[in-house]
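Peer 1: I am attaching a structure below and will ask some questions about it afterwards.
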Amino acid sequence: MNYKKVAEEINRALGEDNIQAAAHCATRLRLVLKDSSKVDQKALDNNDAVKGTFEANDQFQIIIGAGDVDNVYDELIKITNVKEASTADLKAVAASGKKNNPIMAFIKVLSDIFVPIVPALVAGGLLMALNNVLTAQNLFGPQSVVEMFPNITDVASIINLLASAPFAFLPILVGFSATKRFGGNPYLGAAIGMAMVMPDLINGYGVANAIADGSMNYWHIFGMNVAQTGYQGSVLPVLVVAWILATLEKFFHKRIPNAFDFTFTPMLAIIITGFLTFIIVGPIMRIVSDGLTEGLVWLYNTTGAIGLGVFGLFYSPIVITGLHQSFPAIETTLLADVARTGGSFIFPVASMANVGQGAATLAIMLLTKNKKQKSLATSASISAMLGITEPAIFGVNLKLKFPFICGMIASAVSCIFIGALHVLSVAMGPASVIGFISITPKSIPYFMIGIVISICVGFITTYAYGKRHMSVFADDDTSVAKVVTKINADPEVSIVQDEVLTAPIKGTPISLKDVNDPVFAQEMMGKGIAIIPEKGIIYAPADGELTVLYDSKHAYGLKTVHGAEILIHIGIDTVKLSGKHFETNRKYGDLVKKGDILGTVDLDAVKKAGFDPTVMMIITNTNDYKAVEAINTVSVDGDQDLLALSAYYEN
């Protein structure tokens with residue numbers, strides 16, 4: 001690689017004098033730009049040395065690869081005369097030019113809390129939808145399925161039990177996740193959530209009736225009458241309670257001596273939070289929560305089809321901003337008390353919007369003659385139809401602009417239709433063409449008609465407009481974003497050999513797709529595996545030579561005797577620690593044997609510093625192999641086989 005030439009090309013693509021600060025880690029350039037709109041993305045995409053680009057944490061990151069990125073960085077510094085910076089310096093520069101956005105921060109908190117528990121809610125929601133299918137009148141005839149086939153009554157009863165559990169005990173799930181997010185012990189959060197749904201309390205769904213008929217029980221505490229109220233299905237009260245619990249726990253950890261901390265901190269945090277929950281926080285937050293839910297229902301009932309059409313028009317732009325991550329909190333509240341709210345209007349709107357974007361992408365697939373674009377549009381359209389719109393929106397529609405707008409219009413038209421017919425969901429589920437399973441049974445036909453409308457409008461408007469502007473679909477079109485990992489479609493016979501690599505650290509293997517970093521999760525650097533570490537000793541996974549070793553000691557590059565190029569990356573963004581908590585006696589160029597200790601990391605200190613300690617083992621020359629496959633998915637140690645590399649061979 002001609003490092004100087006690559007640096008010059010990158011600098012031109014970024015724009016003259018546009019780099020404010022520059023740093024690099026083991027795989028990528030990390031840049032703070034003065035104006036990201038000046039970036040010539042097309043030029044970067046066409047650069048063979050650039051394996052991908054993305055923006056995160058106010059940094060424009062360019063993926064070059066281990067062993068090359070430091071050389072490109074050195075040349076870039078010479079060309080631009082930008083002062084060399086550490087990643088910590090870079091973060092400070094980015095932060096100095098960034099205005100705090102409390103709304104986005106709040107949305108991020110909600111996202112962090114609800115994303116982990118969504119699978120439980122979706123499972124409960126789909127089971128609830130199945131129960132509705134079995135018990136609904138007039139769905140398949142005047143009688144329900146259970147009435148037609150009485151022998152499945154108990155089956156439906158168990159399904160209903162399983163479906164109701166995540167919502168009835170929602171405070172436990174939210175308490176666990178929220179307390180963890182706020183920095184407390186999640187098991188204490190679950191405990192306080194359990195207290196809020198104890199059977200001794202009046203069920204949260206029956207509080208209003210208990211107060212009305214005088215059957216509410218009260219505690220008499222310091223002259224106050226405290227209602228023995230449960231919080232089944234509640235969200236907002238639990239969020240506040242979890243924050244209080246985590247805050248108290250951290251307060252006591254700092255002030256109680258270590259000898260007594262383990263015993264008394266949990267007790268004090270729970271008892272104080274418990275009293276505050278039932279005396280002050282719970283009653284106030286119940287009023288606020290009920291008011292918010294009633295307000296949304298009133299808004300929907302008042303604005304009707306037009307209001308829902310406006311919501312549908314802007315749903316996809318909302319997805320781009322990330323604001324849609326706050327919707328599960330609202331939707332969960334609506335679904336937790338379907339008898340009062342009638343259900344949720346958010347899920348049907350999301351379904352219409354997703355399908356509209358998918359239909360627009362499908363039209364692009366038929367219009368374009370560009371093979372790469374056609375392939376991307378094909379997979380992205382299917383994904384969007386099934387509820388995952390990011391590939392369609394970011395990979396195709398936004399790049400061409402008009403398909404995205406056509407998808408918005410399709411969503412608006414279909415949402416006006418379902419709004420006029422009051423189509424609501426009674427469960428969470430896949431916001432897609434199969435979303436009918438979560439819809440009120442009587443409204444399923446209207447929902448499906450809305451889906452057809454969204455598909456037709458999105459497809460026809462996109463196709464009609466695109467047909468008149470065929471120039472944008474020429475064979476050499478590069479306006480659509482390239483797949484960030486540049487994979488050779490027809491690999492030649494490689495000189496590498498089959499090889500089995502052992503684990504670089506003791507721990508539990510997980511898929512790279514589960515790693516909280518897009519570079520690794522999307523396999524931009526190559527295929528491999530990740531490990532949740534249990535001990536902080538790093539081992540050589542094969543015989544070879546160390547080709548990458550930074551002062552930060554958070555990453556090792558190894559070229560094996562059989563030709564594999566391996567990157568061992570310890571933790572996510574741990575380059576910011578500048579070597580703190582890492583130790584190594586190795587140096588660049590050292591020859592190592594399989595199982596040799598490369599270095600150590602203090603996992604507890606890394607976690608305490610706020611970093612994810614997950615270890616990634618990446619095969620950076622993945623294209624030289626026919627397959628890179630995990631051969632162990634249970635807990636492994638440094639001497640156990642973990643990854644199998646299969647080479648190409650001539651017939």
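The values are calculated or read from the model by the stated rules, or taken from the named source; none is laboratory data. Model, not experiment: these values are computed from the prediction. We place every Cβ from the backbone using ideal geometry, glycine too, and count neighbours over all the protein chains shown.
Peer 1: Taking the conditions exactly as written (at pLDDT 80 or above and either part of a loop (DSSP other than H, G, I, E, B) or not assigned by TED's automatic domain parsing to the domain that holds residue 245 (or both)), does residue 99 satisfy them or not?
Peer 2: It is false that residue 99 is at pLDDT 80 or above and either part of a loop (DSSP other than H, G, I, E, B) or not assigned by TED's automatic domain parsing to the domain that holds residue 245 (or both).
Peer 1: Of these, 438, 454, 443, which one is buried (at least 16 other Cβ atoms within 10 Å of the Cβ), more than 14 Å from residue 356 (Cα to Cα), hydroxyl-bearing (Ser, Thr, Tyr) and modelled with pLDDT of 85 or more?
Peer 2: 443
Peer 1: Name the residue that is surrounded by the most Cβ atoms within 10 Å (Cβ to Cβ), counting only residues in the range 138-154 that are in contact (Cβ under 8 Å) with a residue 12 or more places away in the chain and part of a helix (DSSP H, G or I).
Peer 2: 146
Peer 1: Can you report the number of residues in the range 347-381 which are touching a strand residue (DSSP E or B) at 6+ places or on another chain (Cβ under 8 Å) and of a type in the set (A, V, I, L, M, F, W, C)?
Peer 2: Residues flagged as touching a strand residue (DSSP E or B) at 6+ places or on another chain (Cβ under 8 Å) and of a type in the set (A, V, I, L, M, F, W, C) within the range 347-381 amount to 1.
Peer 1: Which ones in the range 509-548 are of a type in the set (A, V, I, L, M, F, W, C), outside any loop (DSSP other than H, G, I, E, B) and either in contact (Cβ under 8 Å) with a residue 40 or more places away in the chain or closer than 16 Å to residue 645 by Cβ (or both)?
Peer 2: Those that are of a type in the set (A, V, I, L, M, F, W, C), outside any loop (DSSP other than H, G, I, E, B) and either in contact (Cβ under 8 Å) with a residue 40 or more places away in the chain or closer than 16 Å to residue 645 by Cβ (or both): 510, 512, 519, 520, 529, 530, 531, 532, 537, 538, 546, 548.
Peer 1: Shifting gears a bit: For the range 304-324, enumerate the residues that are at pLDDT below 85, in a helix (DSSP H, G or I) and farther than 19 Å from residue 435 by Cβ.
Peer 2: Across the range 304-324, the qualifying residues are 304, 317, 320, 321, 323.
Peer 1: In this structure, is residue 604 assigned to a loop (DSSP other than H, G, I, E, B) and not hydroxyl-bearing (Ser, Thr, Tyr)?
Peer 2: no
Peer 1: For the condition on the phi > 0 side of the Ramachandran plot and touching a helix residue (DSSP H, G or I) at 6+ places or on another chain (Cβ under 7 Å), what is the one hit in 387, 356?
Peer 2: Just a single option satisfies the conditions, and that option is 387.
Peer 1: List pairs: first residue in the range 592-617 and at pLDDT below 95, second residue of a type in the set (S, T, N, Q) and exposed (fewer than 14 other Cβ atoms within 10 Å of the Cβ) anywhere in the structure, Cβ distance under 7 angstrom, at least six positions apart or on different chains.
Peer 2: Matching pairs, first to second residue: 612/516.
Peer 1: Here's something else I'd like to know. Please find, within the range 254-267, the residue that is farthest from residue 280 (Cα to Cα) out of those that are free of Cβ contacts under 8 Å to residues at least 40 places away in the same chain and surrounded by 15 or more Cβ atoms within 10 Å (Cβ to Cβ).
Peer 2: Only one residue tops the list, namely 256.
Peer 1: Please find, within the range 293-316, the residue that is farthest from the chain's Cα centre (by Cα) out of those that are buried (at least 16 other Cβ atoms within 10 Å of the Cβ) and closer than 30 Å to residue 193 by Cα.
Peer 2: 297
Peer 1: Something else now. Among the listed residues 23, 49, identify the single one that is assigned to a loop (DSSP other than H, G, I, E, B), touching a Phe, Trp or Tyr at 6+ places or on another chain (Cβ under 9 Å) and either of a type in the set (Phe, Trp, Tyr) or buried (at least 18 other Cβ atoms within 10 Å of the Cβ) (or both).
Peer 2: Checking each option against the conditions leaves just 49.
Peer 1: Hey, another quick one. Scan 286, 255 and give me the residue that is outside the structural domain of residue 408 (by TED's automatic domain parsing) and either touching a His at 6+ places or on another chain (Cβ under 6 Å) or at pLDDT below 85 (or both).
Peer 2: Step by step, each of 286, 255 is checked, and only 286 is outside the structural domain of residue 408 (by TED's automatic domain parsing) and either touching a His at 6+ places or on another chain (Cβ under 6 Å) or at pLDDT below 85 (or both).
Peer 1: Could you grab me the full set of residues in the range 365-381 that are under 23 Å from the mean Cα position of the chain (by Cα) and closer than 14 Å to residue 399 by Cα?
Peer 2: Within the range 365-381, 376, 377, 380 qualify.
Peer 1: Would you mention how many residues in the range 362-421 are at pLDDT below 80, assigned to a loop (DSSP other than H, G, I, E, B) and crowded, with 24+ Cβ neighbours inside 10 Å?
Peer 2: Counting residues in the range 362-421 that are at pLDDT below 80, assigned to a loop (DSSP other than H, G, I, E, B) and crowded, with 24+ Cβ neighbours inside 10 Å gives 1.
Peer 1: Taking the range 182-208 on its own, how many of its residues are at pLDDT 90 or above, closer than 23 Å to residue 127 by Cβ and outside any loop (DSSP other than H, G, I, E, B)?
Peer 2: 3
Peer 1: Something else: Which is modelled with pLDDT of 85 or more and surrounded by 18 or more Cβ atoms within 10 Å (Cβ to Cβ), of 90, 76?
Peer 2: Answer to the check: 76.
Peer 1: Now, a different point. Of the numbered conditions (1) surrounded by fewer than 22 Cβ atoms within 10 Å (Cβ to Cβ); (2) charged (D, E, K, R); (3) in contact with a strand residue (DSSP E or B) (Cβ under 9 Å, 6 or more places away or on another chain), residue 553 satisfies every one except a single condition; which is it?
Peer 2: (1)
Peer 1: Please go through the range 221-253 and pick out each residue that is without any contact (Cβ under 8 Å) to a residue 60 or more places away in the chain, assigned to a loop (DSSP other than H, G, I, E, B) and of a type in the set (S, T, N, Q).
Peer 2: Across the range 221-253, the qualifying residue is only 228.
Peer 1: Identify, please: which residue in the range 160-181 is surrounded by fewer than 18 Cβ atoms within 10 Å (Cβ to Cβ) and modelled with pLDDT of 90 or more and is, among those, farthest from the chain's Cα centre (by Cα)?
Peer 2: Across the range 160-181, the extreme among qualifying residues is 161.
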